[in-house]
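Taking it in order: structure first as C-alpha cells, then the write-up.
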C-alpha cells in the first residue's frame with residue numbers, strides 16, 4: 001500500500017526568497033509617497049498656468065460686451081418697453097397723418113381735418129405690404145422723403161397764404177424768402193431773424209429724415225402683422241369708398257380725403273404754368289397803345305401841374321369797410337376831406353384791385369405805373385428789363401416835368417429805378433434822416449414829406465415836377481408808430497429817438513393779441529393819411545394834383561379770411577378841370593370811396609389816366 005499517495009492538504013505559503021522579496025514588494029510600500037508627490041506637483045503646475053487663461057480672456061470680454069437678453073432693460077422693465085414702443089409707433093402714425101391731412105392754409109386748420117381718411121395712406125400702405133423686402137426698403141425711403149417734402153411745401157403755403165393770400169409759387173417765389181428774412185431783421189431784430197433762419201433750415205433738413213423713420217417703423221409693424229394689417233386696410237378702404245360715395249362730412253370737410261394727391265397735382269400744374277408765364281407776359285407787354293405816341297401828345301391835360309403820385313403802404317379796403325377799423329378811419333377821412341375843402345381842394349375816390357395782398361409792394365407799384373399785371377417777381381424782372389412805357393416815364397418823356405422818386409424804404413442800390421423814368425431818386429440815405437427806425441419803416445411819413453419839400457418841392461424857380469412818393473409808416477408790423485408833431489420840431493429826425501423811447505410800443509407785445517394788431521394798423525393808416533393831407537393843404541397850390549392810393553391789403557391778421565384785393569385811390573386837385581376829366585369814371589366825392597363804387601383792375605389805371613389827360617380828352 002506503500003505505492004498510494006495521500007492527498008495534498010493546503011499548508012502555509014512558502015516564505016519569500018530573501019533576495020527577491022525587497023524588489024517585488026517595494027512598489028506597494030512606495031505608492032502613498034508617490035501619490036502625495038504627484039498631487040503636490042499638479043497643484044504647482046496649476047498655479048503656473050496663467051497664459052492659457054489670459055489667452056481666453058479676450059473671448060470672455062467680447063462676450064461680456066453683449067450681455068444676454070436676460071440682462072436687457074426691455075426684459076427688466078417690460079411694461080416701460082411696451083409703452084415706449086407703442087409711443088414711438090403712435091408718434092410715427094401721427095407724423096404720417098399730419099403730412100397727409102394738414103392743410104396749406106393755416107386758417108383752415110381744424111380738429112375735424114385730422115379725422116379724415118386719407119386715400120393716399122391706404123394705397124401706399126397696401127403697396128408696401130405686397131412689395132418684396134428689397135423693393136420695400138427702397139420704397140419706404142422714397143415715401144418718407146416725399147412726405148417730408150410735402151410738409152415743407154405746406155409750411156411754405158401757410159406763410160404765403162397768411163401774407164399774400166395765395167399758395168407759394170415753387171418757381172417764382174424763392175426770392176421772397178430773402179425779403180422775409182430782411183423784414184424779420186428790421187422788425188424783430190437780428191438775433192430773432194437769425195434764430196428763425198436756423199430753425200427753418202433745421203426743420204427743412206429734419207422733416208424728410210423724420211418722415212422716413214416713421215414710414216420705416218410703420219412698414220415693419222405691418223409686415224410683422226401682415227394678416228391684421230391686410231384686414232385693417234380692407235376696412236379703411238371700404239370706409240373711404242363709402243364716405244366718398246355718400247359725400248359724408250365732418251365740420252364741412254369731406255371724410256374721404258385725397259388732399260395730398262390734389263396738392264401734388266395742383267403744384268405740378270402750377271409749375272408748368274409758372275414756366276409758361278414768361279411767354280404769356282411777353283405777349284401781353286408787347287401790346288401798348290401809348291408806345292408810339294409822340295411826347296408832345298402825352299399828358300397834355302396836366303401840363304404845368306405838379307403831379308404827386310403817392311403810395312400809402314398796406315392801405316387796403318379792409319381799413320374802410322371793416323367796422324372795427326372803418327368807423328374811426330372814416331371819421332379821419334371825413335375830417336381831412338373837410339380840411340382840403342377849406343384849403344380850396346376837391347377830391348374824388350374809387351377802388352383798384354391790386355395783383356397782390358399782404359406784401360410785395362413793388363409789384364403793386366409797377367402794376368399801377370406800367371399798365372401790366374405784375375403778379376410775381378419773374379414778371380417784375382422782365383418788366384424792368386423791357387422798354388414798356390410807364391406812367392412816370394411818360395411824364396419824363398414829354399420834357400415838361402422833372403421826375404423824382406422819394407423812396408425811404410430803399411436802403412440799397414436800386415438799379416431798376418432807371419427803368420421807371422425818374423430823373424433823381426432819393427433813397428433813405430439821401431433823405432438825411434437821423435432818427436430811429438420804426439420797425440421796418442426807416443423814417444416817419446411826416447419827415448419824408450418834410451424832406452421832399454426841402455429837397456425838391458420847395459425850391460424857388462423850379463418848373464413843374466412829377467414825384468413818386470412812397471410812405472412807409474403803415475408797413476407791417478405797425479409798431480412802434482410815430483405820432484404827428486409840430487413841423488418845426490422835426491428837424492433832422494433826431495427828436496424821434498426820445499419820442500419812440502417814451503411812447504413806442506414793442507411789436508412783439510402788440511402781436512400777442514390780434515385785436516391790438518388791428519388797432520395799431522388802423523392808427524398807422526390814420527397817421528399816413530393825416531401826414532399827406534396836412535402836407536398838401538399847407539404846401540400845395542392851384543397847380544397841385546395829388547394821386548394817392550394803397551399798394552395792397554394788409555395780411556390776414558388784419559383782414560381775416562378771404563379778403564378782397566381792393567385798395568382805395570383818390571385824386572385831389574384845386575383846378576376843377578382836373579376832376580372834370582375823370583367825371584365819367586363813376587368815382588365819388590371825398591376821400592372815402594363808397595361800397596358800390598366801381599372796382600378796376602390796377603393795371604387798367606395807366607391807360608385810363610393817360611387817355612383822360614391826353615389830347616383826345
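The ranking of 412, 466 from fewest to most other beta carbons within 10 Å of each one's beta carbon is 412, 466.
The convex hull built on the alpha-carbon positions of the chain has an orientation-averaged projected area of 58.8 nm².
Here r is the Cβ-Cβ distance between residue 94 and residue 412 and R0 is 56 Å; the resulting FRET efficiency, rounded to 0.05, is 0.80. Modelled label positions at residue 149 and residue 262, each set 7 Å beyond Cα in the direction of Cβ, lie 2.2 nm from each other. Considering Cα pairs under 8 angstrom that are at least six residues apart, work out the relative contact order of the chain and quote it in whole percent. Computed over the chain, the figure is 19 percent. What angle do you read, to the nearest 10 degrees and between 0 and 90, between the alpha-carbon axis of helix 514-539 and the longest principal axis of the chain? With rounding to tens, the tilt is 30 degrees.
Using only the Cα atoms of the range 265-323, build the gyration tensor, take square roots of its eigenvalues as a ≥ b ≥ c, and label the shape rounded, prolate or oblate: rounded if a/c is under 1.5, else prolate if a/b is larger than b/c, else oblate.
Values: a/c = 4.42, a/b = 1.27, b/c = 3.47.
Verdict is oblate for the range 265-323.
Extension gain for the segment residue 137 to residue 282, taken as residue separation times 0.36 nm less the Cα-Cα distance, is 47.5 nm to one decimal.
Based on DSSP H segments of at least four residues, each scored -39500 (n - 2.57), the chain has a per-residue ellipticity at 222 nm of -17500 deg cm²/dmol. From a point 7 Å beyond the Cα of residue 541 in the direction of its Cβ, which residues of the range 312-346 have a backbone N at a distance under 17 Å? Residues 344-345 qualify, since their backbone N sits under 17 Å from the label point. Would you mind checking the tilt of helix 50-65 against the longest principal axis of the Cα atoms of the chain, expressed as 0 to 90 degrees and rounded to 10? Helix 50-65 and the main axis of the chain meet at about 40 degrees.
Modelled this way, with points 7 Å down the Cα-to-C-beta line, the labels at residue 111 and residue 484 are 4.9 nm from one another. Taking 0.36 nm per residue of separation and subtracting the current Cα-Cα distance, fully stretching the chain between residue 220 and residue 86 would add 46.9 nm. Apply the Debye scattering formula to the range 427-574, with a single equal point scatterer on each alpha-carbon and no solvent, then give log10 I(q)/I(0) at q = 0.09, 0.12, 0.17, 0.20 Å⁻¹. With no solvent term, the Cα-only Debye profile gives -0.31, -0.55, -1.04, -1.32.
When 600, 240, 86 are sorted by how many other C-beta atoms sit within 10 angstrom of their C-beta, beginning with the fewest, the order is 86, 600, 240.
Between the range 262-333 and the range 96-116, the alpha-carbon centres lie 34 Å apart.
For the range 105-256, a Kirkwood radius taken over Cα pairs fed into Stokes-Einstein (37 °C, viscosity 0.692 mPa s) yields D = 180 µm²/s.
Relative to the dominant Cα principal axis of the chain, helix 78-101 is inclined by about 30°. Between the range 433-448 and the range 529-574, how many Å separate their Cα centres? Answer, in whole Å: 19.
For the chain, give me the percentage of DSSP beta bridges that are antiparallel, rounded to the nearest 5 percent.
Given both bridge residues lie in the chain, the antiparallel proportion sits at roughly 40 percent.
Hull volume per residue, based on the alpha-carbon atoms of the range 343-470 and their convex hull, is 149 Å³.
Based on alpha carbons, the Rg and Dmax found for the range 487-617 are 18.7, 56 Å.
Starting from the exponent 0.38 and prefactor 2.2 Å, build the expected Rg for the range 191-315 from its residue count and divide its actual Cα Rg by it.
2.06
The alpha carbon centroids of the range 162-235 and the range 490-507 are separated by 40 Å.
Laboratory data are not the source of any read-out in this text; all were calculated from the coordinates shown. Bear in mind that the values here come from a model prediction, so they are computed numbers and not experimental data. Ideal geometry is used to build each Cβ from the backbone, glycine not excepted, and the neighbour counts take in all protein chains shown.
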